[in-house]
Each structure stands twice: as C-alpha cells, then as structure tokens.
1. Leaving out same-chain residues fewer than 8 places away, which lysines sit with a Cα under 27 Å from that of Lys71?
2. Can you sort His210, His106 by solvent-accessible area, 1.4 Å probe, largest first?
3. Got a sec to turn the phi values of the stretch 100-108 into Karplus ³J(HN,Hα) couplings, 6.51 cos²θ - 1.76 cosθ + 1.60 with θ = phi - 60°, whole Hz, x for Gly and Pro?
4. Quick one: grab the alpha carbon gyration tensor of the stretch 67-129, order the square roots of its eigenvalues as a ≥ b ≥ c, and give me rounded if a/c is under 1.5, else prolate or oblate depending on whether a/b is larger than b/c.
5. May I ask you to list the aspartates and glutamates whose Cα is less than 15 Å away from that of Lys39, ignoring any residue fewer than eight positions away on the same chain?
6. With an 8 Å cut-off on Cα pairs and a minimum separation of 6 or more residues, tell me the relative contact order of the stretch 17-158 in percent.
7. What percent antiparallel are the DSSP beta bridges of the stretch 51-164, to the nearest 5?
8. Going by amide H atoms built from the backbone, whose H comes under 5 Å of the H on Lys94, apart from near neighbours?
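The values are calculated or read from the model by the stated rules, or taken from the named source; none is laboratory data. Predicted, not measured: the structure shown is a model, and the values here were computed from it. We work out accessible area using only protein heavy atoms, side chains counted, and drop any ligands, DNA or RNA first. Shrake-Rupley method; radii C 1.70, N 1.55, O 1.52, S 1.80 Å.
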Amino acid sequence: MREMTASAMLQVQPPKHYGITSPISCVGPKEIDYIFSQKLMEAMKPFGVFEDEEELSHRIVVLGKLNSLVKEWIAELGECKNIPPTVITAAGGKIFTFGSYRLGVHTKGADIDALCVAPRHVERSDFFQSFSEKLKLQDGIKNVRVVEDAFVPVIKFEFLNIEIDLVFARLPLQCIPDNLDLRDDSRLRSLDIRCIRSLNGCRVTDEILHLVPNKETFRLTLRAVKLWAKSKLVCSGFMLFVCLLPNNDYINLAKFVFKTYFSWENHFLC
C-alpha cells in the first residue's frame with residue numbers, strides 16, 4: 001500500500017477546534033466552600049499577595065502624575081513641530097495599564113506595566129529620546145533605562161519608588177481622548193508592527209476583564225495559582241484564563257485548575 005501523503009493525512013484526521021468549553025459547574029457553592037475560600041485567602045496574606053490601601057493609593061497617584069507628564073510632553077512636542085495651537089490643546093495622550101496591575105492581581109512591591117498612547121504628530125523616536133530625557137529631569141524619577149532594541153521596546157524607570165515598564169504606541173489620530181477604547185480592532189489599521197505589539201498587552205488584558213463575568217472570583221483564583229507557580233518555579237508570569245459563572249466560589253475553581261493541570265500529559269512539575 002502506498003504511503004499516504006501529508007496532505008492526505010490532514011484530510012483524514014478531523015481538525016481540532018479550540019474555543020469556549022462547557023461550564024465547569026452550574027451548582028452554587030456550599031457553606032463549607034465559603035469557609036475554605038476564606039481560609040485560603042487568609043493563608044495567602046503572609047506571602048504579600050495582597051496590597052494594602054496605602055500602597056494602592058500611592059500607585060494611583062503615581063499613574064496620575066505620569067499621565068499628566070505625558071500630556072505635557074506631547075503638548076511641548078507639538079509646539080516644537082509647529083502644530084497649530086488648537087490641535088495642541090486637543091492632542092491629549094494617555095497612559096494605559098496592563099498585566100497584573102490592570103487585572104487587579106499585583107502583589108506588594110510589584111512593578112506596573114504601562115502603555116503610552118500618543119497622537120500622530122509624535123514619532124517613536126520622540127518617545128525614546130525627548131521623553132526619556134524629560135523623565136530624567138523629573139523629581140522622584142530615577143534609574144531611567146531605554147531598551148529600544150527589545151521585541152517590545154520599553155523605557156524602564158522608578159517613579160516615587162514604583163518600578164514602571166512603559167511601552168509606546170502611536171495612533172493615526174489627531175487627538176487621543178481620555179475615553180479611548182483599545183479593544184476596538186479598527187485601532188490596529190495602518191499601524192506598524194511595533195505599535196501593534198505594544199498595544200497587545202492592553203488589548204488582551206481588557207478582553208479578559210470583559211469576558212470574565214465574576215472578576216473578583218477570577219482575581220482570587222489567579223492570585224492563588226500565581227503564588228503556587230512562583231513557589232514551584234513553574235514560570236515567572238503564570239497566566240490563568242477560565243470562564244467563570246457568577247455563582248462559582250474560588251476554592252472550587254482553584255481545585256478545578258489544579259486537577260486539570262495535574263491531569264495533563266507530558267507536563268513537568270518543579
């Protein structure tokens with residue numbers, strides 16, 4: 001019998017489809033589940049999983065200052081490029097966050113992943129040159145490092161003791177409104193690959209938060225799995241994305257995640 005060609009084998013084997021699976025359970029949690037959920041939460045606290053209100057408020061202040069700094073820089077740049085004053089006034093600019101901070105699962109002392117979105121008169125070279133120099137002149141900002149040759153170019157710095165990784169995207173818009181929605185796919189039109197990569201972090205994070213119906217349960221479960229992954233050296237940025245029903249408690253969801261993980265073939269544990 002003749003050997004089957006690769007294309008013939010692909011036609012014989014049915015294609016695999018990946019997507020939304022059936023719900024984990026439609027049954028609500030029992031009283032004992034609420035008790036164990038609370039115990040798990042208390043057990044995680046000594047590991048610095050939860051940030052106190054003071055540090056959380058400090059992060060909000062720092063991000064507000066950074067957002068104002070970006071708007072100021074974009075306006076100054078517009079003046080240098082002889083942009084009409086009316087356009088400069090409306091140009092805007094905005095800081096978006098993504099990653100663990102945007103998901104609401106960051107730990108004490110964690111850095112913030114952020115994105116600077118600028119209008120069309122701002123070039124990428126402006127961001128890595130004039131903006132990085134502006135950062136160095138600001139009180140409270142130190143250790144400014146430009147990593148322009150990375151897969152996703154970034155400026156790293158400390159702002160009032162908060163480490164920030166700031167990436168850049170330039171949109172073909174005259175102004176960047178404060179209510180800009182980056183989940184809109186039309187925002188990707190006519191962008192170069194570097195801007196698309198920079199936008200990807202925010203777009204993925206926002207899509208996760210948009211699709212997950214019970215955000216608090218998701219966050220608590222993700223915190224538990226991240227703590228376990230870090231202690232086992234599984235990876236540095238363990239990500240969890242599951243579809244949650246509003247009546248799921250996170251102790252049962254955590255059990256489901258670990259049960260699924262340990263059932264995988266060819267996985268490796270540390």
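1. List returned: Lys81, Lys94, Lys134, Lys136, Lys142, Lys156.
2. His210, His106
3. These are the phi-based 3J(HN,Hα) values: 5, 5, 5, 6, x, 10, 6, 9, 4 Hz.
4. prolate
5. Glu31, Asp249
6. Dividing the mean separation by the residue count of the stretch 17-158 yields 17 percent.
7. 95
8. Val117
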